[in-house]
């Protein structure tokens with residue numbers, strides 16, 4: 001009887017171990033990411049494709065701006081930060097590893113009814129600093145230009161101001177919006193508005209302007225004739241031991257299937 005009891009207990013222990021391991025393997029792990037509203041649409045596409053090969057991995061994405069993503073990583077409130085601008089040396093110094101996953105153009109957009117189709121980089125700068133205030137000054141119909149910008153801390157804004165060269169000189173009275181969707185909504189309803197968004201987020205609700213005669217397109221960003229472009233970055237905390245599911249996802253993004261998703265609207269880095 002004692003032998004039978006021992007065999008029964010051993011068998012039970014093995015079953016508990018096997019089923020416990022199976023339950024653990026079937027438990028979905030949630031990867032947390034926070035930051036850029038411009039990187040977020042690409043992340044959503046990557047996640048949807050990744051789910052086909054790793055359905056047990058879940059994601060919690062918070063898109064509130066690059067500044068929040070950069071802060072979330074050292075604070076460990078997210079495993080992955082999303083940024084649509086280069087980090088400053090001071091930001092990297094907070095303990096951040098940077099992973100380049102794509103390159104994106106920034107499109108200058110106006111209302112679909114606006115007859116203006118091309119602006120020089122200098123004219124865009126003049127509009128955003130207040131030197132040009134009416135569309136008839138740059139070949140358009142009379143109408144005071146409604147300058148639309150992203151909010152402070154936005155990676156799109158930081159990159160746009162740096163490339164166009166008007167950091168900290170935004171015209172007084174410019175309307176600031178949180179998120180790409182809000183900018184597009186304002187441009188689509190306001191005939192005199194001008195704004196800027198990720199090239200990958202352009203749709204037929206707005207009109208894209210040529211810059212210095214060059215069309216805002218993926219091909220022209222690749223050949224470097226379209227100058228308003230910036231990196232899409234994922235950030236992790238230096239020295240932090242990430243969950244294996246998180247490291248596997250980051251590695252997968254740079255594989256051919258991951259970069260194929262990037263190529264749908266952005267520029268591959270592999």
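The values are calculated or read from the model by the stated rules, or taken from the named source; none is laboratory data. All values derive from a computational prediction rather than experimental measurement. For neighbour counting, all protein chains shown are included, and Cβ atoms are generated from backbone atoms with ideal geometry for every residue, glycine included.
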Across segment 203-240, which residue is surrounded by the fewest Cβ atoms within 10 Å (Cβ to Cβ) among those that are more than 17 Å from the chain's Cα centre (by Cα) and under 29 Å from residue 78 (Cβ atoms)?
239
Within segment 111-120, does at least one residue satisfy the condition of being assigned by TED's automatic domain parsing to the domain that holds residue 175 and more than 28 Å from residue 220 (Cβ to Cβ)?
no
May I ask you to list the residues in segment 48-79 that are surrounded by 13 or more Cβ atoms within 10 Å (Cβ to Cβ) and farther than 21 Å from residue 238 by Cβ?
49, 50, 51, 54, 57, 58, 59, 61, 62, 63, 64, 65
Which is in a helix (DSSP H, G or I), over 12 Å from the mean Cα position of the chain (by Cα) and assigned by TED's automatic domain parsing to the domain that holds residue 193, of 141, 125?
125
